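What follows is a single structure, written as structure tokens, with notes after it.
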Amino acid sequence: MSDPFDLTDEPEPAPAPRGRRGDASGAPVAPPSTAYLDGLNPTQREAVEHTEGPLLVLAGAGTGKTRVLTTRIAHILLTRRAWPGQILAVTFTNKAAREMLERVAAAIGQAADGLWLGTFHSIGVRILRRHAELVGLKSNFTILDTDDQVRLIKQLLAAEGIDDKKFPARILSGIIQRWKDRAQTPDKVSTGDDQAEFADGRAVEIYRQYQARLLAVNAADFGDLVMHCVTLFQQHPDVLADYHRRFRYILVDEYQDTNVAQYLWLRLLAQKTQGTPAAHDSSLPPPPPPSRGRVGEGGPQAPHAGVEAPRPSPPPQGGRGHEERLAPSASNICCVGDDDQSIYGWRGAEVGNILRFEKDFPGAAIIRLERNYRSTPHILAAASTLIANNEGRLGKTLWTEETEGEKLRLRGVWDGDEEARVIGEEIEALQREKHALREIAILVRAAFQTREFEERFMTLGVPYKVVGGPRFYERQEIRDALAYLRVVQQPDDDLAFERIYNVPKRGLGESTLKTLRDIQKTQRVSLFEAARRALETDELRPQARKTLGDLVKNFERWRTMLDGISHVEVAETLLDESGYTEMWQRDRSPEAPGRLENLKELINALQEFENLQGFLEHVSLVTEGNQNANGDMVTIMTMHAAKGLEFDTVFLPGWEEGLFPNQRALDDKGLSGLEEERRLAYVALTRARKNVHVSFAANRRVFNQWQAAIPSRFIGELPQDHLEASSDAGLYGTASMGHFGSMGRGGTMGRNSAVAGSGGRGGLSDVDVDADAGASDADWGPDWSRARKLGAGTRPGSTSVYSLGER
């Protein structure tokens, strides 16, 4: 099999005879088999056979979109509408591209050589190598990775006299990539762009120098692979026209995840300028005429339900200006996606791309794939009812022919520890019933939430894996913080001291470390003691001696503080005074807020131990355990990482205001942020085949303070008829939001239970809370008594709001 991504342009093979003309010997040739269409439901088949004109396939979760895409390619090939080299199919991951190639090959019975099938980046590379000189490169240009980009930007910052400590190169690299995701060259960055103020307002100039340097060394970064193509097509219409003639069919997967640059790239390829002829091969039959009215009426395709009638294209407006020349012709572009699963706005994805499809391609047909082959009716009803609250959507309702299934389970617990305990017991019960652990997932909104579940599973001996990132205690910021604490507890810990002696950057480089190692070796002392002794010599530069002296004094002071205040307060003080927390607060990368949340969760973990030594011993034990586990394991991951996956049973903890929906998303984006959070809830619910467990806690501990939490508004948007709700003892009146207001201690809400009021208290029942205002601690249950001893300041039913990120 030849490489489908080969950069050479080999001529297409001679076409095989068609129809009744017969083969070379004169024997008649039978029409191609339609076995590849077997098993498609009517709407899927319509999406496959509607080949002419722009088409948007709205494919809900679990509706078989991958099969539709691959069968559509096979259909185009087997009905000889196009050769492989006339088909462009774009995906978001290499894995998806490989799977599509394999499925197409299986459907047509041979390798699909010549297809232009790959990710945006791989197709971009292929195009750029053919026309590199037109964007200032050579065809053998190098593609830089992230580290190369940062290193180059560091050089440019240094040349401009800009302090890399104050304005880190990695942050500027992220800003530049976000500009490229919007197809903004240095000349196109708006003067009002807040990010242009980075590096004392010189961010755009550094961007300009960065692009010039890339061209000088014949290199491009990943953002260039799409942005350069946009520039190429915009500035060289003859090249664009060549690709218009080349590609008879364009197919796009996960269209809702496209960013601005990818969107422009696709529009330029799909919207042919008026008068640009389509590629034509006389050996291929002409395509069937575009249908009018419903797809299938009056044409060669059988009518099916689920397609909206194409809208006629507007007539030309006269003249030969730019607008007329760019008016779209009837391009055969098929975009498959789900606006309800657009959850990557934080990395540049624009849900508006899929919402404006009909405007971009007048006359487009829309087919909705709504039959779900994954989840139970209860799960689908819950997900559909929830997402219907979004205003910015095209609309569809998932359904299934299945009639069995359990209701979603909704549970309120006292706090995060109790939530982890309850979920752990549920999983143990499933394990006893012979359920495979690999079919169980815990999906969290934020990465810091994994810590309590990891520690619980370690205690229970339940094997697990964290997908999409390292385990909690293996994350960079946690290992850094632990290194600080280890040096405080045990100054002879050389590995810990070496890890953080220059974190954050203090100007203590390799030369300083070499001096310390020389002293360590000759005097046989620890690195920390070597640092102390180095201060008494003249082997260090004056600035290095002062900085190292301050660090040594700080560690000695923090160690002394353990005798007077709690280890938790020492940890908080250490993270603040060392500058470590500030380092991440100044970091503008998308990962920085999550790292700060993880540091707060580390403080929460410290509170569960009497002293620092006990905590560090615990961490050593949990990080050693489960290292060799493989095979059958529970999966812990964020909701974002779970997209595209499915499990029999899904646990969804932490459904509380401020945590989910995430307060930062609401503050930054308002209504659009809320709607993306709701889409994330929809994605999380639809990962489950059989069972969904939603839970929330009445209280969360943030740093050293207890805060009462309010159940997520998304809980109030779930349909009661599809829920089975329960609450642990001690949660009387805490969680109503339309579900729990009348539930007694330890009770279970029936379908006809009364609904609590929501008068001004975030859905909490005034009557329930006030009625028990004078109850004793014993009346509130054992959890309340335990929390009082730990310093909780509110009882269940309190109206203080938990807001992630606030102390």
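The values are calculated or read from the model by the stated rules, or taken from the named source; none is laboratory data. Just so it is clear, the model here is predicted, and its values are computed rather than measured. When we count neighbours, we look across all protein chains shown, and the Cβ atoms used for this are built from the backbone with ideal geometry, even at glycine.
Here are a few things to note about the model shown:
- For PRO470, the test of being out of contact with any His (no Cβ under 9 Å at 6 or more places or on another chain) and at pLDDT 90 or above is failed.
- Subset of region 349-383 [assigned to a helix (DSSP H, G or I), of a type outside the set (A, V, I, L, M, F, W, C) and assigned by TED's automatic domain parsing to the domain that holds VAL57]: GLY352, ASN353, GLU358, LYS359, ASP360
- Check on GLN613, touching a residue at least 40 places away in the same chain (Cβ under 8 Å) and not in a loop (DSSP other than H, G, I, E, B): yes
- Residue within region 572-590 that is in the same structural domain as GLU510 (by TED's automatic domain parsing), farther than 30 Å from ARG664 by Cα and modelled with pLDDT of 90 or more present: no
- Of residues in region 538-580 being among the aliphatic types (A, V, I, L, M) and more than 38 Å from the chain's Cα centre (by Cα), the one farthest from LEU596 (Cα to Cα): LEU540
- Neighbours by Cβ (under 7 Å, 6+ apart or cross-chain): first from region 488-517, in contact (Cβ under 8 Å) with a residue 40 or more places away in the chain; second surrounded by fewer than 19 Cβ atoms within 10 Å (Cβ to Cβ) and in a loop (DSSP other than H, G, I, E, B): PRO491/SER526; PRO504/GLY579; LYS505/LYS165; LEU508/ASN502
- Enumerated helices (runs of 4 or more DSSP H) restricted to region 207-277, each holding at least 1 residues that are at pLDDT below 95 and under 19 Å from LEU172 (Cβ atoms): 222-235
- Restricting attention to region 194-209 and to residues that are surrounded by 17 or more Cβ atoms within 10 Å (Cβ to Cβ) and not aromatic (Phe, Trp, Tyr), the residue that is nearest to GLU591 (Cα to Cα) turns out to be GLN195.
- Qualifying residue in region 359-366 (condition: surrounded by fewer than 22 Cβ atoms within 10 Å (Cβ to Cβ) and among the hydrophobic types (A, V, I, L, M, F, W, C)): yes
- Of all residues in region 347-365, those satisfying the criterion of being closer than 30 Å to ARG588 by Cα and out of contact with any Pro (no Cβ under 7 Å at 6 or more places or on another chain) are GLY348, ALA349, GLU350, VAL351, GLY352, ASN353, ILE354, LEU355.
- The residues on offer are THR450, THR403, THR385, THR459, and the sole one that is of a type in the set (Ser, Thr, Tyr), touching a Gly at 6+ places or on another chain (Cβ under 9 Å) and surrounded by fewer than 19 Cβ atoms within 10 Å (Cβ to Cβ) is THR459.
- Any hit, region 35-44, residues being assigned to a loop (DSSP other than H, G, I, E, B) and at pLDDT 95 or above: yes
- Hits in region 557-593 (condition: surrounded by fewer than 19 Cβ atoms within 10 Å (Cβ to Cβ), among the small types (Gly, Ala, Ser) and part of a helix (DSSP H, G or I)): ALA592
- Note on region 180-194: among residues that are in contact (Cβ under 8 Å) with a residue 24 or more places away in the chain and in a helix (DSSP H, G or I), the one that is farthest from the chain's Cα centre (by Cα) is PRO186.
- Sole residue being at pLDDT below 95, over 23 Å from ARG471 (Cβ atoms) and outside the structural domain of GLY62 (by TED's automatic domain parsing), chosen from ALA688, ALA709: ALA709
- If you filter region 469-483 down to residues that are farther than 20 Å from ARG586 by Cα and in contact (Cβ under 8 Å) with a residue 40 or more places away in the chain, you find that the one that is surrounded by the most Cβ atoms within 10 Å (Cβ to Cβ) is PHE472.
- Matching residues in region 639-653 - criterion: being surrounded by fewer than 17 Cβ atoms within 10 Å (Cβ to Cβ) and more than 15 Å from VAL466 (Cβ to Cβ): GLY644, GLU646, ASP648
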